[in-house]
Amino acid sequence: MDNTTQTNAAEPAQKKEKSKPANLVIPPKKPKLSKSERRELQERQRAAKATGTSDVPPAKAEPPPSSKGDKKEKSSSSANASDSKKGRSKSHEESKREDAADEPSGSGATTEDKMVSLFSHLPRPKIPTEVHGHLSSLSTASLHPAIPTLGNLYSTHALLGGNARCRAMLQTFALLLRSYSPPPTSRDYRHDVDHTLLKPAFQYWTTCRPHSVSMGNAFSFLKLAVANLERDLEWDAARQILLESMEAYVTERIEYAGKAISRHAGTKIQDAGDVILVFGRSEVVNRLLLDAALVEKKVFRVIVVDARPLLEGRDTLQILTRAGISCTYIFLNALSYLMMKEVTKVFLGASALMSNGSVLSRVGTACVALLAQSNHIPVLVCCETYKICSRVQLESITGNELGDADEVACTDCERVGPSNRCSDDKERKQEVLDDWRNQPNLKLLNLIYDLTPSDFVTGVVTEVGILPPTSVAVLLREMSPQESNESAFKGID
């Protein structure tokens with residue numbers, strides 16, 4: 001029995017020895033690193049990445065010391081870790097000081113510190129030097145000289161108004177198409193026109209100033225016209241089709257639409273005795289007032305309400321007074337004293353018309369409409385249908401545009417150029433807010449647009465007719481191009 005048990009016990013031991021392959025090399029177990037040693041290893045790896053070297057010396061594996069030595073090592077490693085943290089924080093503080101030293105003296109806080117946090121998601125307005133820097137970063141050989149010229153007009157507010165900006169954009173595109181020829185190696189000139197001519201120009205103008213809804217709709221129309229061209233068509237014939245399409249767009253959607261709006265809105269003006277209130281400057285509103293006074297010979301008085309910093313109402317005042325129309329010029333803060341006593345109708349312009357009936361227009365428009373609605377005065381918004389947007393917006397915070405805060409700081413109402421931008425003349429008198437950037441508790445906000453709810457609007461005057469604001473979505477659906485939806489499903493059975 002004893003022999004059998006010994007042989008049975010020896011058999012599994014032999015089996016275990018035979019199961020191990022002869023060439024198997026078992027690596028030694030990695031020593032367990034303490035928390036401080038792991039931190040040191042990570043710091044060495046970060047330093048190696050920063051210097052561009054990938055070789056990191058491995059951590060030294062030391063035999064486990066006694067308990068007393070372990071305590072000493074822990075204390076020394078924690079001291080090293082704290083020293084490394086202090087070194088990192090010191091280097092971070094030094095870099096901050098260097099950045100602050102690089103900033104020009106007298107600038108005070110940075111631009112980010114002077115941004116109102118509620119509107120920090122909006123793109124910051126670009127100054128002309130930044131626009132020129134962006135132009136130098138692009139390949140100037142591929143840009144026509146008309147592109148930066150128009151971009152400069154956009155960024156300096158020398159060109160204001162949705163119609164004027166859209167018209168200038170289409171005229172510049174027409175100039176680019178006349179001077180453009182697709183490369184001989186091109187397989188599809190439609191792709192080349194879209195990606196090498198239209199998109200770079202539109203993107204550059206958007207960097208100068210965010211595009212308006214009218215510009216976006218006109219650009220979408222032009223891209224659709226390019227995509228609908230036949231591929232086998234010669235370039236000269238295709239170019240002529242595009243030029244005629246753009247000319248027809250300006251004529252029908254802007255010029256003829258303005259005449260139709262003037263005719264529809266003119267029926268709401270009495271032959272004599274009306275006191276009409278307008279705000280800022282609107283091309284279509286000025287047109288209907290001139291037609292009512294000069295063509296239809298109606299007698300009325302106009303109250304022009306204006307607001308800083310753009311002071312566009314001065315242009316309206318100059319146009320109407322030259323035509324012999326009796327006008328009164330006031331600022332927005334004095335509106336409540338005249339609204340209840342004299343005004344009989346309010347005509348407002350629009351930069352965009354949302355699908356829920358809200359009106360996006362120059363900042364201050366919502367105040368005028370609110371005050372008129374509270375005094376039971378009809379508010380008519382004059383807007384072309386090409387400014388209708390499918391977007392729904394409920395407030396002026398999500399989608400808006402920021403202007404230059406220095407224009408608000410210019411408290412002198414003497415206008416310099418198209419906008420109320422203060423000149424850099426040394427003889428200019430000292431302003432109260434010249435050092436506003438050095439004031440730690442002062443932030444300036446210059447919003448370009450505000451949103452007027454549909455509840456404050458009595459009717460929307462378009463080339464189709466006078467509609468309630470609730471019918472804007474129906475008008476948008478009726479005017480949407482059905483051909484584009486059908487063409488997307490062509491060839492599918």
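The values are calculated or read from the model by the stated rules, or taken from the named source; none is laboratory data. All values derive from a computational prediction rather than experimental measurement. All Cβ positions, even for glycine, are placed from backbone atoms using ideal geometry, and neighbour counts span all protein chains on display. Heavy atoms of the whole protein, side chains included, go into the accessibility calculation; ligands, DNA and RNA do not. Shrake-Rupley method; radii C 1.70, N 1.55, O 1.52, S 1.80 Å.
Remarks
- Difference of contour (0.36 nm per residue) and Cα-Cα distance, PHE119 to HIS195: 24.1 nm
- Couplings 3J(HN,Hα) for region 355-366, derived from phi with the Karplus relation 6.51 cos²θ - 1.76 cosθ + 1.60 (θ = phi - 60°), are 5, 8, x, 6, 10, 9, 8, 4, 4, x, 5, 5 Hz, where x marks Gly and Pro.
- Using the Cβ-Cβ distance between GLU296 and THR251 with R0 set to 35 Å, the FRET efficiency from 1/(1 + (r/R0)^6) comes to roughly 0.90.
- Couplings 3J(HN,Hα) of region 211-224, computed from phi: 6, 7, 5, 5, 5, x, 5, 5, 5, 5, 4, 5, 5, 5 Hz, in residue order, whole Hz [Karplus 6.51 cos²θ - 1.76 cosθ + 1.60, θ = phi - 60°; x for Gly and Pro].
- Anisotropy class assigned to region 156-268 is oblate, per the alpha carbon gyration tensor with a/c at or over the 1.5 cut-off and a/b no larger than b/c.
- The listed residues ASP450, ASP455, once ranked by accessible area (1.4 Å probe) with the largest placed first, stand as ASP455, ASP450.
- Interchain or long-range residues, amide H under 5 Å from SER186's placed H: none
- Residue list for region 378-408, given a label point 7 angstrom along the Cα-to-Cβ vector of ASP455 and an amide N cut-off under 19 Å: 378-381, 392-398
- THR328 long-range amide H proximity, modeled H, under 5 Å: VAL302, ILE303, VAL304
- Amide H within-cut-off set for ILE388, under 5 Å, with H built and near neighbours excluded: LEU353
- Legend: distances between Cα atoms for LYS49/LYS126; LYS223/LYS259; LYS199/LYS387; LYS268/LYS387; pairs beyond 25 Å are LYS49/LYS126; LYS223/LYS259.
- On full extension, the segment bounded by TYR337 and SER471 gains 44.9 nm, given 0.36 nm per residue less the C-alpha separation.
- Carbon/sulfur fraction of accessible area - region 253-321, other protein chains in place, 1.4 Å, %: 51 percent
- Note, ³J(HN,Hα) from phi for region 174-183, Karplus 6.51, -1.76, 1.60, rounded to Hz, x at Gly and Pro: 5, 5, 5, 5, 5, 9, 9, 9, x, x
- Inter-probe distance in nm under a simple model that places probes 7 Å from Cα toward Cβ, at ALA146 and LEU243: 1.0 nm
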